[in-house]
Amino acid sequence: MTAAPTLDDRVREWLRRRTFHHSRFADVERLVGLKRRQGLRISLCLPALNEERTIGKEILLLKSELMLRRPLLDEIVVIDSGSSDRTREVAAEWGARVFLASEILPSAGARRGKGENLWKALYQCEGDLIAFIDADIRNVRPQFVYGLLGPLLEDPGVQYVKAFYDRPLELTRGKRTPGGGRVTELVVRPMFSLWVPDLTALIQPLSGEYAGRRSLLERLPFPVGYGVEVAHLMDIHHRAGLEAMAQVDLDQRIHRNQPIESLGRMSFGILQVLFDRLHRYGYLEPRRPLATVMRQFLPDAEGYEPAEFPLEEEERPPMISVADYRRRWGRGGEDS
Amino acid sequence: MRATDHALAHLSRFRAAAEAMRERLLTDVVCLGEMPAPTGGEGRRAAYVRDRWCEAGVEQGAVDDLNNVVGLLPGEVGSATVLVAVPMDTLDIAPEHREIEVGVDRLVGPFVGDNCLALAALACLPTLLDSLQVRLRSNLLLAGTSQSLSRGNLAGLRRVLAASRWPLACGFCLESVQLGRLNYAAVGVFRGAISCRLPPEYDWAQYGASGTILPMADIVGRIGRIPLCQRPLSTIVLGSIEGGLSYHTIARDTVLRFEARSESGEDLRRIRTAIEDIVAEARARSGKVVELDTVTWREPGGLDIGHPLVRNARAILGALGRPPMIYSTTTQLAALLEAGVPGIVLGLTTGRRRGELDEVEEEVSIPDLWTGLAQLVANLVAADVEAHP
């Protein structure tokens, strides 16, 4: 009689089977063939806010390599939160379909946040597979997209693919700031280790690059703020287990560093979502409501000034529950 | 019928075809521009260009042991061969500062005008000619060349010229900027480093010991007194000087780097002799080890303004509404002329260095690039007619 696999065994086994390097999918012609045989359409979505310096290059490279040279993508869509710079103009110039988040699904109102853009992207994008990448990537290359799509095209059992990478922060001249993925290592990983150890198998659970099947994404609620990635992981894990997920090594991603105060507020939002899911899925018994104000001390000329930031992670319902969405895409489902 | 007539008649079509390739071409600019390519380390850029040519059906694309990438587009007749060459190396900078920004009508990034844009044009040239259905009677030898900067001394291009199996009728050297430049004369260049160091037996602890800075200061003063002609023009640039550690320590080593340029080979040799004499005297009088290291030596040369290559290029620029900017250059042209191959240098777009931000940061125009590529195709067509009258 063999012993039941331990958690460690399960995670290791998943890592072995569901962790890839992007180079495995470098034959884009093959991926295009898989896409055609399955009759799929694929959308790439970039949620954006004031990214005029980077978004042009992202769209140019990805359109050139993955639409014009090899038709892996059917569309590139930018969902803009209301940029005050030339983000929308630059994106449109290089061939993206550009939408203001506030003008999509007006009947649902408008919220501010990356999660809001992702949720509304489901309404606007036409793909059966949707890949999301951040608009502030300074070293974007085609593997960022085909690497995420490869597992979905190869294996119908894979529903959701997450990126991981070596993340050097943007460097100031002559000075290297240590770290990267601090919220992951100090907040999310300890919480997953405590409560949902399966999810510790994800090397970068907060990465902004991922891809999924519409059939899954439309059934997920979307927190509009910082917690959307963690919510997705916990919801998918609850619905379908770790087996529905995969992760892909994209090598290196250069992005902007964020100040510690911003990371503190991000952590606060993520913890709200984490505790919400722990309550929702029965890991924890709620004894009293979670607070919704983050308190920080910000340095000023006199010393430190206490500051309060009201942060409540509002949540959008699964898109499939929105009647306008079902009408647009001819989907069955339940009303919200 | 003049050689340029056919080319001039199709300029707008050439420009439209170039613009139709904009995603592909600008992708290549970004990818090539973000690859490190220090002198002697151009291999990644070379491989990238070779792969692009391979996709475009260039059968003989290859990278040689100096990191030159060379490809041949066979001509319909093939009795003459035209060279298009682009230097590939650039000054090295930290990877995190190597990124290129793509705006609505411009590219911004380190050295984006020097010379990744021209290299991308070279990578896309077979596809552009194919899309235009331009079938040259001449062979077209395409070369991304290595080791153009500093001690490289155009070693890559010299190798391409020496190794070419096809006698070259003429050559075009491409630079990213400025559109409108028309260089058909190369100034002679003598680039060197003078080092001054203490001999091993030097008693540096002796009171009054002067170290290496004073002799170097004397050398600088004497170089400054070398008489220079205005016609033909000669100049000496003292580019950098370094030496010493602190306020009170004796400087053990001092190095002066300079570049002398002249339109006259005779004057350039006279300058070299003068500097050699200064160095020899400084060595003898100071008791220090003073040496001259010649980094680059290029003979001046050039074509006549009435040469068909120059005449055609002027006519094409005129038809594009760009007055030709004519001046002598220190670029690859020198190697071409030394090898007896008539050649000119063309710029592909307009740009400027963004001095207010960072001296390596450059900005180039996207729309002007289509004009620059139309200019290139027109010059190739005209050169082809000249080679097969």
### Summary
If R0 = 22 Å, then B:Asp105 and A:Glu103, at their Cβ-Cβ distance, give a FRET efficiency to the nearest 0.05 of 0.25
### Message
Looking at the protein assembly as shown only, what percent of DSSP beta bridges run antiparallel? Nearest 5 please.
### Response
60
### Query
Tell me, what is the Rg over Rh of chain B, with Rh the Kirkwood radius over Cα pairs?
1.04
### Message
Please give the charge dipole size of the stretch B:251-291, origin at the Cα centre, charges +1 on K and R Cβ atoms and -1 on D and E Cβ atoms. Round to the nearest 20 debye.
### Response
220
### P(r), alpha carbons of the stretch B:1-87 - 10 Å bins starting at zero, rounded %
14, 34, 35, 15, 1
### Task
Counting only DSSP beta bridges with both residues in chain A, tell me the antiparallel percent, nearest 5.
45
### Task
Just need log10 I(q)/I(0) for the stretch B:95-225 at q = 0.09, 0.13, 0.16, 0.22 Å⁻¹, Debye formula, equal scatterers on the alpha-carbon atoms, no solvent, rounded to two decimals.
-0.54, -0.85, -1.06, -1.46
### Task
Output the relative contact order of chain B, whole-number percent, from Cα pairs under 8 angstrom with separation of 6+ residues.
25
### Message
Please report the antiparallel percentage of DSSP beta bridges with both residues in chain B, rounded to the nearest 5.
### Response
70
#### Entry: Projected area, mean over directions - chain A, Cα convex hull, nm²
20.5
## Note on the structure
One computes Rg over Rh for the stretch A:275-334 from alpha-carbon atoms, with the Kirkwood Rh, and obtains 1.26
### Cα-based convex hull volume of the stretch B:227-357 per residue, rounded to whole Å³
178
## Note on the structure
So, with points 7 Å from each Cα along the Cβ direction, the A:Arg219-B:Glu299 label distance in nm works out to 7.9
### Summary
For A:Arg316, the residues 5 or more places away or on another chain with a placed amide H closer than 5 Å to its own amide H are A:Phe222, A:Val224
### More than 17 angstrom apart: percent of Cα pairs within the stretch A:68-114
43
### Task
Provide the gained length on full extension for the span A:Glu154 to A:Phe309, in nm with one decimal, where the gain is 0.36 nm per separating residue minus the Cα-Cα distance.
51.3 nm
### Task
Sort the stretch A:254-300 into rounded, prolate or oblate with this rule: let a ≥ b ≥ c be the square roots of the eigenvalues of the Cα gyration tensor; rounded if a/c is under 1.5, and if a/c is not under 1.5, prolate when a/b is larger than b/c, oblate otherwise.
oblate
### Task
Return an integer: the convex hull volume of the alpha-carbon atoms of the stretch B:111-185, in Å³ per residue.
126
### Task
Provide, as a two-decimal number, the C-alpha radius of gyration of the protein assembly as shown over 2.2 N^0.38 Å, N being how many residues it has.
1.16
### Task
Report the residues of the stretch B:48-92 in range of a label on B:Arg165: point 7 Å along Cα→C-beta, backbone N strictly under 13 Å from it.
B:59-62, B:71-74
### Query
What is the spin-label model distance, in nm, from A:Glu89 to B:Arg352 if the labels are put 7 Å beyond Cα along the C-beta direction?
1.8
### Query
Modelled label-to-label distance, A:Arg30 and B:Thr249, 7 Å Cα→beta-carbon offset: nm?
5.8
### Task
Do me a favour and compute the ellipsoid semi-axes for the stretch B:188-298 from its Cα gyration tensor, root of five times each eigenvalue, largest one first, whole Å.
29, 12, 11
### Query
Among residues other than A:Pro142 whose Cβ falls under 11 Å from its Cβ, what is the net charge (Lys/Arg +1, Asp/Glu -1)?
+2
### Message
I'd like the projected area of the stretch A:1-136, averaged over all directions, using the convex hull of its alpha carbons. Report it in nm² with one decimal.
### Response
11.8
## Note on the structure
Rounded to the nearest 0.05, FRET efficiency between A:Gln296 and A:Leu68 (Cβ-Cβ, R0 56 Å) equals 0.75
## Note on the structure
Across the alpha-carbon set of the stretch A:224-336, Rg over Rh with Rh taken as the Kirkwood radius works out to 1.07
#### Entry: Residues B:Ser328, B:Ser210, sorted so that the one with the fewest Cβ neighbours within 10 Å comes first
B:Ser210, B:Ser328
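No value in this document is a laboratory result; all are computed from the given coordinates. As the structure is a computational prediction, the values presented were derived from the model and not from experiment. We place every Cβ from the backbone using ideal geometry, glycine too, and count neighbours over all the protein chains shown.
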